[in-house]
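The values are calculated or read from the model by the stated rules, or taken from the named source; none is laboratory data. This is a predicted model, so every value here is computed, not measured. Ideal geometry is used to build each Cβ from the backbone, glycine not excepted, and the neighbour counts take in all protein chains shown.
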Amino acid sequence: MGMSCRRVLSVLSLAWGWPVWTACYASHGESGEDVADGGAESVADADSGSDADVGFDVTCPSAMACGPLECPSDMVLVPCGPFVMGPDELGDIDRAQVVCMSAYCIDRTEVSWAAWDACVAAGGCPPLPCAGRSHEPVTCATRTAANSYCRWAGKRLPTDAQWEKAARGGCEVVAPATCGAEDMRSYPWGDAAPTCDLANFRSADGESCLPFGAVDAVDARPAGASPYGALNMAGNARELVADDWLPSYVMSLPPGALDPPGPPGWGWACVIHRGGDSAIRDLFPLKVSSREASPVCPLSPSATDEDRQPGGFRCAYPP
């Protein structure tokens, strides 16, 4: 049986073209004629609303896998169902979209140096060019290295959509099967502004929770946990995901898209950083919808993995 949800979104959009990075503003009607791949039963208009407030129903495909799923002890369960992905009004997403996710597990914490060192000792991971204390997150893994760790652990890197739902929460957090503006939480803990009790970050005026650039223990600040109990999904270490960065990817998804896999490869990868970190002097990257391309994203297919800015990460399950 499908699962329905209502979306209430702004129709003012911001789209970025590639490769000419030019802003293009347009007004979109939300007719709902697109149907999600995988057999969505219906995408239908609800009430007409106004130009700035459009709502419609999305039925999740029957192929959505809901379990039961037993998570390893170091992971949290993210249940099946719809969630609001985006918007990233200061980045590359021109509007939010309701997508449907099968159930999965995600690491409760960022991968620590203790866990990484165990992988290196077992021959599953390469040594990294930086170091940290055992309880702190790895911060200098390339995506290739992060993939090596997740495979060794019997897991994988999460997709961009999986990372965002784990951080934001699904539509069931507020009201079962209803997606609306109340489900577009700005931060893992809700809409309240970040404080040092909630996240390790640097404020716009330059004040830091810890000495500049320092990371905290992977299990620190439980008050800032996501709705499912994942920690430090805002601040601390920026996190890698499996997807490549592509302008307007979320805009291209049909309502009710099931388990978005990320955009197709285009010859070379621009990695996505999620969650911000403890050093950047900007609160926007802390928001759950913020998708940042690596600042040194290579513009050449000959670039190596080491040419892309590394980061921290967490893993997802099943592999």
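Within the range 212-255, track down each residue that is on the phi > 0 side of the Ramachandran plot and either of a type in the set (Asp, Glu) or assigned to a strand (DSSP E or B) (or both).
Gly235 - this is the single residue of the range 212-255 that is on the phi > 0 side of the Ramachandran plot and either of a type in the set (Asp, Glu) or assigned to a strand (DSSP E or B) (or both).
Each row is one residue, and each column tells you yes or no for (1) hydroxyl-bearing (Ser, Thr, Tyr); (2) in contact with a Ser or Thr (Cβ under 7 Å, 6 or more places away or on another chain); (3) surrounded by 15 or more Cβ atoms within 10 Å (Cβ to Cβ).
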site: Met64; (1), (2), (3): no, yes, yes
site: Asp74; (1), (2), (3): no, no, yes
site: Val99; (1), (2), (3): no, no, yes
site: Ala103; (1), (2), (3): no, no, yes
site: Ile106; (1), (2), (3): no, no, yes
site: Cys119; (1), (2), (3): no, no, yes
site: Ser134; (1), (2), (3): yes, yes, no
site: Arg143; (1), (2), (3): no, no, yes
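Name the single residue that is surrounded by the most Cβ atoms within 10 Å (Cβ to Cβ) among those in the range 200-211 being touching a Ser or Thr at 6+ places or on another chain (Cβ under 8 Å) and in a loop (DSSP other than H, G, I, E, B).
Among residues in the range 200-211 that are touching a Ser or Thr at 6+ places or on another chain (Cβ under 8 Å) and in a loop (DSSP other than H, G, I, E, B), the one surrounded by the most Cβ atoms within 10 Å (Cβ to Cβ) is Phe201.
Restricting the search to the range 212-263, which residues are among the acidic types (Asp, Glu) and within 15 Å of the chain's Cα centre (by Cα)?
Answer for the range 212-263, where residues must be among the acidic types (Asp, Glu) and within 15 Å of the chain's Cα centre (by Cα): Glu239, Asp243, Asp244, Asp259.
Quick one: which residue in Ala223, Ala214 is surrounded by fewer than 19 Cβ atoms within 10 Å (Cβ to Cβ), modelled with pLDDT of 95 or more, over 14 Å from Arg314 (Cβ atoms) and of a type outside the set (Asp, Glu)?
Just one listed residue meets the conditions, Ala223.
Answer yes or no: is there a residue in the range 240-252 that is out of contact with any Pro (no Cβ under 6 Å at 6 or more places or on another chain), modelled with pLDDT of 90 or more, of a type outside the set (D, E, K, R) and under 26 Å from Ala103 (Cβ atoms).
The answer is yes, given that some residue of the range 240-252 is out of contact with any Pro (no Cβ under 6 Å at 6 or more places or on another chain), modelled with pLDDT of 90 or more, of a type outside the set (D, E, K, R) and under 26 Å from Ala103 (Cβ atoms).
For the list (1) in a loop (DSSP other than H, G, I, E, B); (2) under 21 Å from the mean Cα position of the chain (by Cα); (3) at pLDDT 95 or above, I need the number of the one condition that Gly123 fails.
Unmet for Gly123, out of (1) in a loop (DSSP other than H, G, I, E, B); (2) under 21 Å from the mean Cα position of the chain (by Cα); (3) at pLDDT 95 or above: (2).
Give me the residue from the range 76-99 that is under 13 Å from Leu253 (Cα atoms) and not in a strand (DSSP E or B) and, out of that set, modelled with the highest pLDDT.
Gly86
Output the number of residues of the range 126-178 satisfying the condition of being part of a helix (DSSP H, G or I) and either on the phi > 0 side of the Ramachandran plot or of a type outside the set (Val, Ile, Thr) (or both).
Selection size over the range 126-178: 20.
Looking at the range 284-311 only, could you name the residues that are modelled with pLDDT of 80 or more and over 15 Å from the mean Cα position of the chain (by Cα)?
Pro310
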